[in-house]
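*Asks:* Here it is, the structure in full.
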Amino acid sequence: MKKVFSLFLLLSCTLPLQAQPSYEVKVHPGTELLHVVNYLAEVYRPTARESSYLEAVEDWFGEYREHPAVLHAAALPYNDFTDLGWCFDFPDNELKIPDGYGYLDKIMDREYLERYLILSREFAEKSDFWAFYQEQEPNYRIWEKEFTDGLEREQPLAALTDFYRADLGKTIYFSIAPMGATLKVNLFLEEINPEFSQYAPIIVPFDRAYVDEQTDTPNFAYNRKSLNHAVWHEASHLYWEVMVAPFRQRLLNLDYEDALSVNFNTFADKGMDTYFFIHEVVADGVAILLKRKFSSIEEADAHLAINEGMGSPLYREMVELLDREYYPNREEQNFREFIPHLIEMIENKNH
């Protein structure tokens, strides 16, 4: 009995204090619809240039390259606008025009975005997108299971929960993208479609660089290194956006610049560019720190060297601050409570 009790204590000490966030792994039909439209419009090139799924997309949708939705989408600067796929509700192909667009209407005007959505709905109807989605569902289930198996095997969310020590308050929705795109988060779903505000989506692309088995079909059996990095980095964007809300104006007022941050120039407002640069520094900083703790010092240092080589000293200073002052004390002060120290460190760099 004493041995059993000792084992229970050991397991209790290794588990995070907070329950890890709930999650779902699915191919979201609205997101996939806009991936198809953007692909035909050549807004982006898939990371995997050839696959059985791309062939299926070409066979089904190739004749619609001149559809008004595709021609309209060609003006998009990049693929982030697939976040608006959550405005669609299938199988009825219903569309809810959002009251707010997050940051997207600071890049393209609202009239353009509303037209993009209306035309994409017409594209879905004309091309019978829902029939394509249903035909592919057996493949979707396979790919969803591959990624789910990796999450259950490696438990990257448990390490993340142990780091933040605070509840995200949302269900993470790993949005499988078999066409291949880029890893990214949808930070403003609550504004884009409040009906789904309980979800926090992360787009997970088919990318041959992330898997060990190279096949002609999409593969979401991410290897350990890629899976951990993807979850730790992208989910950190979600945690940061939720937790930093009380300090958002302070971040927007930051006067920080380095050789890398100057390349963040998406917005007319410099404060917005700095805000999203800090987003990247925090997300990568947390991922690097967790690599130190759960992977290897060598892997973490190699990642850090890449960031420094691009011209920003802030990454190392962020990682060292977290490692020195936050991580050993996270049971007494969770990440939300530590945020002012991170901001103060950045503010002091300009004095």
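*Asks:* So K106 fits all but one of (1) of a type in the set (K, R); (2) modelled with pLDDT of 95 or more; (3) closer than 23 Å to E42 by Cα; what number is the exception?
*Replies:* The failed condition is (2).
*Asks:* Another one. Are any residues in segment 290-339 among the hydrophobic types (A, V, I, L, M, F, W, C), open to solvent by 20 Å² or more (accessible area, probe 1.4 Å) and under 25 Å from A259 (Cβ atoms), and if so, which ones?
*Replies:* Within segment 290-339, the first condition is being among the hydrophobic types (A, V, I, L, M, F, W, C), and the residues that meet it are 290, 294, 297, 300, 302, 304-306, 310, 314, 318-319, 321-322, 335, 338-339.
Applying the additional criterion that residues be open to solvent by 20 Å² or more (accessible area, probe 1.4 Å) yields 294, 297, 302, 305-306, 310.
Passing the criteria: A302, A305, I306, M310.
*Asks:* Before we move on, is I176 within 30 Å of L54 (Cα to Cα), in contact with a Leu (Cβ under 9 Å, 6 or more places away or on another chain) and in a strand (DSSP E or B)? I'd like the intermediate steps shown before the answer.
*Replies:* On the way: within 30 Å of L54 (Cα to Cα): yes; in contact with a Leu (Cβ under 9 Å, 6 or more places away or on another chain): no; in a strand (DSSP E or B): yes.
No: the conditions fail for I176.
*Asks:* For segment 154-192, give me each residue that is open to solvent by 30 Å² or more (accessible area, probe 1.4 Å) and farther than 29 Å from Q136 by Cα.
*Replies:* Result: D167, G169, E191.
*Asks:* In addition: Would you point out the residue of segment 221-236, among those that are surrounded by fewer than 22 Cβ atoms within 10 Å (Cβ to Cβ), in contact (Cβ under 8 Å) with a residue 24 or more places away in the chain and touching a strand residue (DSSP E or B) at 6+ places or on another chain (Cβ under 9 Å), that is farthest from I202 (Cα to Cα)?
*Replies:* A221
*Asks:* Also: Determine, yes or no, whether D301 is out of contact with any strand residue (DSSP E or B) (no Cβ under 7 Å at 6 or more places or on another chain), under 17 Å from L151 (Cβ atoms) and free of Cβ contacts under 8 Å to residues at least 12 places away in the same chain.
*Replies:* On the way: out of contact with any strand residue (DSSP E or B) (no Cβ under 7 Å at 6 or more places or on another chain): yes; under 17 Å from L151 (Cβ atoms): no; free of Cβ contacts under 8 Å to residues at least 12 places away in the same chain: yes.
The answer is no for D301.
*Asks:* Pick from I172, I202: which is of a type in the set (A, V, I, L, M) and without any contact (Cβ under 8 Å) to a residue 60 or more places away in the chain? Explain how you work it out, then say what you get.
*Replies:* On the way: I172 fails: without any contact (Cβ under 8 Å) to a residue 60 or more places away in the chain.
Within the list I172, I202, the selection yields I202.
*Asks:* Kindly state which helices (runs of 4 or more DSSP H) lie completely within segment 211-313 and contain at least 3 residues that are modelled with pLDDT under 95 and touching a Pro at 6+ places or on another chain (Cβ under 9 Å).
*Replies:* Working: elements: 224-243, 248-252, 270-294, 297-309.
So the answer is none; nothing clears 3.
*Asks:* Related question: Is it fair to say D128 is open to solvent by 10 Å² or more (accessible area, probe 1.4 Å) and within 18 Å of H35 (Cβ to Cβ)?
*Replies:* Working: open to solvent by 10 Å² or more (accessible area, probe 1.4 Å): yes; within 18 Å of H35 (Cβ to Cβ): yes.
Yes.
*Asks:* Is one or more of the residues making up segment 193-209 of a type in the set (G, A, S), over 30 Å from E42 (Cβ atoms), in contact with a helix residue (DSSP H, G or I) (Cβ under 9 Å, 6 or more places away or on another chain) and open to solvent by 10 Å² or more (accessible area, probe 1.4 Å)?
*Replies:* Looking for residues that are of a type in the set (G, A, S), over 30 Å from E42 (Cβ atoms), in contact with a helix residue (DSSP H, G or I) (Cβ under 9 Å, 6 or more places away or on another chain) and open to solvent by 10 Å² or more (accessible area, probe 1.4 Å), one finds at least one in segment 193-209, hence yes.
The values are calculated or read from the model by the stated rules, or taken from the named source; none is laboratory data. Computed from a predicted model, the values in this text were never measured in an experiment. Positions of Cβ are backbone-derived with ideal geometry, glycine not excepted, and every protein chain shown enters the neighbour counts. To get the accessible areas, we keep the full protein, side chains included, count just its heavy atoms, and leave off ligands, DNA and RNA. Shrake-Rupley method; radii C 1.70, N 1.55, O 1.52, S 1.80 Å.
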